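Student: What follows is a structure written as structure tokens; I'll ask about it next.
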Amino acid sequence: VQLQASGGGLVQPGGSLRLSCAASVRIFSFWPMGWYRQYPGQQRELVAKIFGTGRIEYADSVKGRFTISRDLAKNTQYLQMNNLKPEDTAIYYCLLQTASEDLWGQGTLVTVSS
């Protein structure tokens with residue numbers, strides 16, 4: 001099983017990006033999935049997550065700006081990022097938690113700069 005993340009890039013402060021993460025297999029609604037980010041020299045931190053119950057959690061720093069969603073028919077999860085700030089600059093990773101393992105995408109770089 002592989003996860004292919006895409007959608008990162010360079011954007012000006014206040015701009016928007018949408019990250020996508022496509023799975024190579026069918027995904028199920030009861031599998032938790034989410035997005036994490038990592039700053040240089042630091043551990044990955046949670047950005048947004050959809051739990052198996054459907055509950056959604058966001059990091060306080062992105063609440064009201066980022067939206068996580070998924071399309072089960074396309075086996076894909078998304079992260080819509082609006083009103084981006086320089087402090088959002090990081091490598092973003094998608095996560096899919098199946099019944100047997102935690103799967104990570106390869107990471108996609110988001111750079112917010114003028």
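The values are calculated or read from the model by the stated rules, or taken from the named source; none is laboratory data. Source: prediction; values computed, not measured. Note that each Cβ is placed from the backbone with ideal geometry, even for glycine, and that neighbours are counted across all protein chains shown. Heads up: the accessible areas ignore ligands, DNA and RNA and are worked out on the full protein's heavy atoms, side chains in. Shrake-Rupley method; radii C 1.70, N 1.55, O 1.52, S 1.80 Å.
Student: Residues that are closer than 19 Å to R44 by Cβ, touching a helix residue (DSSP H, G or I) at 6+ places or on another chain (Cβ under 8 Å) and aliphatic (A, V, I, L, M): does the stretch 89-112 have at least one?
Tutor: Yes, the conditions are met somewhere in the stretch 89-112.
Condition check ((1) in a strand (DSSP E or B); (2) surrounded by fewer than 19 Cβ atoms within 10 Å (Cβ to Cβ); (3) out of contact with any helix residue (DSSP H, G or I) (no Cβ under 6 Å at 6 or more places or on another chain)) across all residues:
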| residue | (1), (2), (3) |
| --- | --- |
| C21 | yes, no, yes |
| F28 | no, yes, yes |
| W35 | yes, no, yes |
| Q42 | no, yes, yes |
| K63 | no, yes, yes |
| T67 | yes, yes, yes |
| Q77 | yes, no, yes |
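Student: Quick one: which of L84, L17 is closer than 18 Å to L109 by Cβ, aliphatic (A, V, I, L, M) and touching a Pro at 6+ places or on another chain (Cβ under 7 Å)?
Tutor: Unique residue meeting the criteria: L84.
Student: Within the bounds of the stretch 8-26, is there any residue that is hydroxyl-bearing (S, T, Y) and more than 16 Å from the chain's Cα centre (by Cα)?
Tutor: Step one: list which residues in the stretch 8-26 are hydroxyl-bearing (S, T, Y), which gives 16, 20, 24.
Filter once more, so that each one left must be more than 16 Å from the chain's Cα centre (by Cα): 24.
Yes - at least one qualifying residue is present in the stretch 8-26.
Student: Tell me, please, whether a residue that is open to solvent by 40 Å² or more (accessible area, probe 1.4 Å) and among the small types (G, A, S) can be found in the stretch 85-98.
Tutor: No: zero hits.
Student: Here is a further query. Go through the stretch 27-63 and count every residue that is under 18 Å from Q106 (Cβ atoms) and over 16 Å from the mean Cα position of the chain (by Cα).
Tutor: 1
Student: Which residues, taken from the stretch 1-19, are of a type outside the set (A, V, I, L, M, F, W, C) and assigned to a loop (DSSP other than H, G, I, E, B)?
Tutor: If the condition is that a residue be of a type outside the set (A, V, I, L, M, F, W, C) and assigned to a loop (DSSP other than H, G, I, E, B), then Q2, G7, G8, Q12, P13, G14, G15, S16 are the ones that fit.
Student: Considering the stretch 99-114 alone, what residues qualify as being open to solvent by 30 Å² or more (accessible area, probe 1.4 Å), closer than 14 Å to G8 by Cα and assigned to a strand (DSSP E or B)?
Tutor: Across the stretch 99-114, the qualifying residues are L109, T111.
Student: Identify, from the list L84, L95, the residue that is in a strand (DSSP E or B) and in contact with a strand residue (DSSP E or B) (Cβ under 8 Å, 6 or more places away or on another chain).
Tutor: Selected residue: L95, the only one of L84, L95 that is in a strand (DSSP E or B) and in contact with a strand residue (DSSP E or B) (Cβ under 8 Å, 6 or more places away or on another chain).
Student: Mind listing just one residue for me: the one in the stretch 1-13 that is of a type outside the set (S, T, N, Q) and open to solvent by 50 Å² or more (accessible area, probe 1.4 Å) and, of those, nearest to K74 (Cα to Cα)?
Tutor: V1
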